Amino acid sequence: MNIAIVCYPTFGGSGVLATELGKVLADKGHNIHFITYQQPVRLSGFHTNIFYHEVRVPTYPLFDFPPYETALASAMVDVVLNHQIDLLHVHYAIPHASAAYMAKQILAKRDVHIPVITTLHGTDITLVGRDETYSPVVTFSMEESDVLTAVSENLKSETYRYFNIHKSIEVIYNFVDVARFNKKPVDAFKKLIAPGGEKIIVHASNFRKVKRVDDVVKTFLLLRKQIPAKLLLIGDGPERPHIESMTRHCEECADIKFLGKQEQMEDILPIADLFLLPSEYESFGLAALEAMAAEVPVISTNAGGLPEINIQGYSGFMSDIGDVEDMAANAFKVLGDDETHRLFKKQALAQAKKFDIQHIIPTYEALYTRLLETSTAS
Ligand code: GMT
């Protein structure tokens, strides 16, 4: 199949997932055309079946806000017409679903009928999309997509809660390539971070308010009273200056390190002993799944779709939003003795395997095949 994928090329989970999906489909022989404004972060190296089309948004003195959506829809039309694209798969509704609708209409005028799949990822629904600034367009373009998928049951029900739509939503869980993450930790790297054999706690996010990174620090400081530990904060975003200033005025703060944005999470996660994700909301929590695939137990909140991936008392523990005492107590339960820690590590990996790329990709391929069959029949 010739598949065009539209996504955000940045470090966010939706872009990561879309890129990994494209890469594995290309390995399986499909031709994948990424249409984005920048090369996706996880798309490096040469692959004969992968093509990257950059969306250029020319500026003009009149444009206070360059019309990205128009440029994107035009790029979609161009790629579909010139590369015999069979279907368009857009990740994150805003503005990809409405740009796809526009492209579909333009192509229909030329007698080219292109099916569109929209995958909802989270904040496109729960945070940004439901804001009335965007919701009429998001509602319309979801209804107009040929297929709508969501990355968790929770996101599916949140979509029906916030939007008056009648379209059915198919849940296709996010996935992880377990083989890539389940690596042996590099001892020298581990020693560099924790020279005294301290436990290594990791958090990775885009440092937005919804991630509650201050709760990561609070949980760590409580845990640090009970066991020697180091905290690695990975990622960057609007809350980082606030978190940095929060971690400048305490003795234990020397044990907290900011690593910034990192592309090779599979090299860092294996040295971790525990992953913290105290988010206010996660539709899924791909970062937690990647941690589990690296055999790292997860302490998270029970918000959104997190209970669908983090199993209480098995792959880790969940607490109510903001309950840092409970999160620290749970972290201690996991790390308190080596035997328990080993068990949680094993269980975290077993849980990640349920979401292995090998199980999820056939669902996408079956969906594509079904969609192409029904659209050629009609
Ligand atoms: O986590 C973010 O804020 C980024 C956002 C995105 O769209 O890139 O992530 C969302 O999609 C991920 C991939 O499906 C999910 O794993 C995240 O849980 C989801 N984030 C939220 O719902 C806040």
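Charge tally for His30 (other residues, Cβ to Cβ under 13 Å; Lys, Arg +1; Asp, Glu -1): -1. Other residues within the sphere of radius under 14 Å centred on the Cβ of Leu88, judged by their own Cβ, net out at -3 (K and R +1, D and E -1).
Close amide H contacts of Phe317 (hydrogens built in the peptide plane, cut-off under 5 Å, sequence separation of 5 or more or a different chain): Val298, Ile299, Ser300. Protection proxy ranking of 313-320, 98-105, by the mean of other Cβ atoms within 10 Å over each peptide's residues and highest first, is 98-105, 313-320. Each Lys and Arg adds +1 at its Cβ and each Asp and Glu adds -1 at its Cβ; summed about the Cα centre, the chain shows a dipole of about 540 debye. Working note: Karplus 6.51/-1.76/1.60 with θ = phi - 60° gives the range 7-16 the couplings 7, 7, x, 8, 6, x, x, 5, x, 4 Hz, where Gly and Pro are set to x. Taking Lys and Arg as +1 and Asp and Glu as -1, the other residues whose beta-carbon sits under 15 Å from that of Gln358 total 0.
Computed about its Cα centre, the charge dipole of the range 43-114 is approximately 120 debye, with only Lys, Arg, Asp and Glu carrying charge at their Cβ. Taking only the C-alpha atoms of the range 1-133, Rg followed by Dmax gives 14.5, 46 Å. Counting other Cβ atoms within 10 Å, keep those with at most 15, restrict to DSSP loop, and tell me which trypsin sites (Lys or Arg not before Pro) in the range 2-102 are left. Passing sites in the range 2-102 are Lys28, Arg56. For the range 100-178 and the range 54-85, what is the separation of their C-alpha centers, rounded to whole Å? Between the Cα centres of the range 100-178 and the range 54-85 lies a distance of 20 Å.
With +1 assigned to the C-beta of every Lys and Arg and -1 to the C-beta of every Asp and Glu, and no other charges, what is the dipole magnitude of the range 313-378 about the Cα centre in debye, to the nearest 20?
That gives the range 313-378 a dipole magnitude of about 360 debye.
Just to confirm the number: angle between the C-alpha axis of helix 338-353 and the first principal axis of the chain, 0 to 90 degrees, nearest 10? Its long axis makes an angle of about 10 degrees. The listed peptides 287-298, 157-168, ordered by packing as a protection proxy, come out as 287-298, 157-168 (highest mean of other Cβ atoms within 10 Å first). Going by neighbour counts of Cβ atoms within 10 Å, the residues Asp187, Asp236, Asp27 line up, fewest first, as Asp187, Asp27, Asp236.
Helix 357-377 axis versus longest C-alpha principal axis of the chain: approximately 10°, rounded to the nearest ten. Among Phe344, Tyr364, Gly313, which residue has its Cα furthest toward the positive end of the charge dipole of the range 297-364, with +1 on Lys/Arg Cβ and -1 on Asp/Glu Cβ? Working it through, the farthest residue towards the positive pole turns out to be Tyr364.
The residues Leu349, Leu306, when put in order of fewest to most other Cβ atoms within 10 Å, stand as Leu349, Leu306. Going from the residue with the fewest nearby Cβ atoms within 10 Å to the one with the most, Asp131, Asp356 rank Asp131, Asp356.
Bear in mind that the values in this text are calculations on the coordinates, not laboratory data. Predicted, not measured: the structure shown is a model, and the values here were computed from it. Here the Cβ is made from the backbone with ideal geometry for all residues, glycine too, and neighbour counts use every protein chain on show.
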